[in-house]
Amino acid sequence: MRLFSHYVPRNTLFIAALEAVILSVCVYLAAVLWAGPGEPSSLDRLAIESLLLAFTMLLAMGVMGVYGQASIEGWGSTLARLVAAGAVGFGVVSLVSRGFDETIAVLGVPGAVGIAAAFVLISLERLLVFRWKGAKALRPQVLVLGTGTRAARVEDIVRAQPSARRMDVVGFVPANEESHHVPESRLLDRREGESLWDLVNRYGVNEIIVGVRDRRNGGLPIGELLECRLHGVRVTYLTDFFERETGQIRVDSLNTSWLIFSEGFRRNTLRNLVKRTFDILASGTLLVVTMPIMVITALAILATMGSPVFYRQQRVGERGEVFTIRKFRSMRNDAEGDGKARWAAEDDDRITPVGRVIRLLRIDELPQIINVFQGQMSFVGPRPERPEFVRELTEAIPYYDARHSIKPGITGWAQVRYAYGASVDDSRQKLQYDLYYVKNHTLFLDVMILLDTVQVVLFGKGAR
């Protein structure tokens, strides 16, 4: 459920179900009104197709980033992704139940009208749930225990993360004599003699986020937290909150003991066998599908830049072993003429016109399928870095070497959640996503990353 919550919010599954009902009912009613009275069997079939269209669109909207990236980029991006999701929905209905022409005749105009009506109703529903103050009871109420620098970030996360906007931070409660890094107005007024449970009960709190750095020597009110927990209030440590809501393991809130004792980091023979089988099947399928694209790319490189077509580079893989990857060449031959490794920059003048296109569409990465077959890489995993950068980043970033505990990948959690990394700070941000993947990787997460990779390619997110 933790992994699923990054695609359908954990506390608002009922909203996703409601939106599916709104979509299917609107499309069905529009189609019935358009076609007029008919046989019961044809109406039953129409109902099934309306449901199929609705659920396919919801899945496609999730993959296209309607619930995530689009909410940051604005309505223009949302509309483009909705159009793409609608096309996917009609395509699936055509493939499963009718021919394309018949689907357009039956669901084309009425389906579009139904989707438009559903869009208006869903917008009103979201306005009610996420914006209207009277709907506060529908959103979890969160209390933060602690007022330090780390605890203060909770409210920033709630404001910045689309997946976390479904909750309200009622305020902060000092746990000890720590200095306050939150505004005085955000400190809850705790009455004299009032226990933490009384405070929680007064504000209708559902969850307590523990953001106290020093939990020893009475720094943490264990007895009061236990009382709240026994009354059904969820108590979550700050690192777990960041992991759940951002899909990251934040390096600045991390300690070694948490890594040792927390759940995750599971490795066994069966899991490795499943992942390896998945790698071979997925990469083999992609190799067949993309072979024409790779041939055209190779010819374009030869025609515009000459040989060589491929660029070979050393990268660091599992357990720190160095191997050679293959990529389509996207830079001039003299890109690193002095032998010094450099990060790729924004509008890098070393990138050729053909190279810019294949980087934007991620076509330059396709030859790495060979590395997957050889077992040096996985299809999904942390991106492998060059040895020169690894030495620099290991010294600058705590726990950086933890990403080498599994095989690197062609695509990964950091690639679909963060833009291109071209500095130490970018690498720190991407490491936090990589640590999340290393801790939580499953076949389900791999499949979701592959689906997210589709929207990354379609919308050019993070390409450089």
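The values are calculated or read from the model by the stated rules, or taken from the named source; none is laboratory data. For clarity, every value in this text was computed on a predicted model and none was experimentally measured. Note that we place each Cβ from the backbone using ideal geometry, even for glycine, and neighbour counts take in every protein chain shown. For accessibility, only protein heavy atoms count, side chains too; no ligands or nucleic acids. Shrake-Rupley method; radii C 1.70, N 1.55, O 1.52, S 1.80 Å.
Some observations on this one:
- Near the amide H of V235, within less than 5 Å, lie the amide hydrogens of I208, all on another chain or at least 5 residues away, with H placed in the peptide plane.
- Highest average packing first - 205-213, 432-440, 353-361, Cβ atoms within 10 Å: 432-440, 205-213, 353-361
- Scanning residues 5 or more positions from G381 or on other chains, those with amide H under 5 Å from its amide H are G409, I410, T411, G412, W413, with H placed 1.01 Å from N in the peptide plane.
- Sequence ranges 194-202, 307-315, 267-275, ranked by mean other-Cβ count within 10 angstrom, highest first: 194-202, 307-315, 267-275
- Model label zone, V274; criterion: amide N under 17 Å from point 7 Å along Cα-to-beta-carbon; scope region 358-384: 379-381
- Long-range amide H partners of L187 with built H, under 5 Å: F172
- Computed over region 369-439, relative contact order equals 37 percent, with contacts defined as Cα pairs under 8 Å that lie 6+ residues apart.
- Ranked order, T277, T56 - accessible area, probe 1.4 Å, largest first: T277, T56
- Taking label points 7 Å from Cα along the Cα-to-Cβ direction, E263 and R159 give a separation of 3.3 nm.
- Karplus (6.51, -1.76, 1.60) ³J(HN,Hα), θ = phi - 60°, over region 406-415, in Hz, Gly and Pro reported as x: 10, 5, x, x, 5, 10, x, 4, 5, 5
- Note on region 352-412 and region 309-325: Cα centroid distance 8 Å, given to the nearest whole angstrom.
- Computed E for D252/A112 - FRET, C-beta separation, R0 60 angstrom, nearest 0.05: 0.80
- The magnitude of the dipole of region 240-302, with charges of +1 and -1 set on the Cβ of Lys/Arg and Asp/Glu and taken from the Cα centre, is near 320 debye.
- Packing here is the average count of other Cβ atoms within 10 Å per residue, and on that basis the peptides 317-329, 376-388, 405-417, highest first, run 405-417, 376-388, 317-329.
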